[in-house]
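The values are calculated or read from the model by the stated rules, or taken from the named source; none is laboratory data. Predicted model only: the values in this text are computed from it and were never measured. Cβ atoms come from the backbone with ideal geometry, glycine included; neighbour counts cover every protein chain shown.
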Amino acid sequence: GDPLLTVENLRTVFDTDDGQVQAVDGVDFSVHRGETVCIVGESGSGKTVTSESITQLFKSPPGSIADGSVVFDGDDLAARSAEELTHIRGARISHIFQNPQGALNPVYTVGWQLIEAIQLHQDIKKDDAREEAVDLLSRVGIPEASARLDDYPHELSGGMKQRVMIAMALACQPDLLIADEPTTALDVTIQAQILRLLRDLQAEFEMGIIFITHDLGVVAEIADRVVVMYAGKVMERGSVYDVFESPSHPYTKALLECLPGHGSLGGIPGSLPDPIDPPEGCRFADRCPYAMEECRTGAQPAFESAAGDGHEVSCVHYQTADDPSVLERVGAD
Ligand code: SF4
């Protein structure tokens, strides 16, 4: 069927004292019901801003959508104001973040906040909302859930807080869950539990999930499809199988080579281009071992089909890799 969400040519900018930052610069992807799309990249890749753009929930500095469309269930959210999206946020689209601290109010008990969230979206009595809150807390794996209702957020461990935040995000049974590094701050055991939990709940609720992460181990664990971003642009996209099995963009290859042991993207030498005045052509050119003259002119390299269904890559080298003269020039044998 039709995708739940289709993002097309999304451009999101931030005004700063030094000029306009092109945080997201022409990004396309889609998410179907019951599907998890991971957006992967280093900090500065635009992955978080892409996810924030969907409901215009920008953290500082204030961002705005300069171009493109964000069609959610037939409705172009990009054409609406941030205020107009308040009713969609936390209702049909929920967010979970890396730091549950900020998402929970320290002044109120867990139960109060959860019951409030449930009653905001369903016309039910307090006692029924309370019962549902207990049910949600047990579903996210919180033991003795009814006793936890009276706890304040500071009385819970980090892992428990994260689970409460997920319960809050699920209280409205969202169609789309946007999770930005939700497990990064947690130890690996809890992280694995939460990823499993998200997958189970996704199967049950048929949610679409957008999962933002820099951790390729997490991607392998949870993604159906992957969007690899660099400097505000998509470099490669495809099924998790195709992208991991036959990575085609030099950036993706470099990321996967950095994987063993830590799964972090920190291992590629060089730095991101200036986001205020980005270079022409391929934005990865300064760090790419295959960079050629034609990589540095004109627009971003066109997307070419790679091995696999819907597997696409934006790279001049990839397009011409079968041409021996090019292979010679890039030093391959
Ligand atoms: Fe490297 Fe050129 Fe491909 Fe960019 S377009 S990744 S610089 S080969």
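Has the stretch 230-243 got at least one residue that is touching a Phe, Trp or Tyr at 6+ places or on another chain (Cβ under 8 Å) and modelled with pLDDT under 95?
No: zero hits.
For the stretch 296-311, name all the residues that are under 21 Å from Asp28 (Cα atoms) and within 8 Å of the ligand (Cβ to nearest atom).
Across the stretch 296-311, the qualifying residue is only Pro301.
Among the residues of the stretch 273-285, which ones are within 8 Å of the ligand (Cβ to nearest atom) and of a type in the set (D, E, K, R)?
The answer is Arg283, and nothing else.
Just to confirm my filter: which helices (runs of 4 or more DSSP H) fall fully inside the stretch 107-187 and include at least 3 residues that are touching an Asp or Glu at 6+ places or on another chain (Cβ under 8 Å)?
It comes to 110-121.
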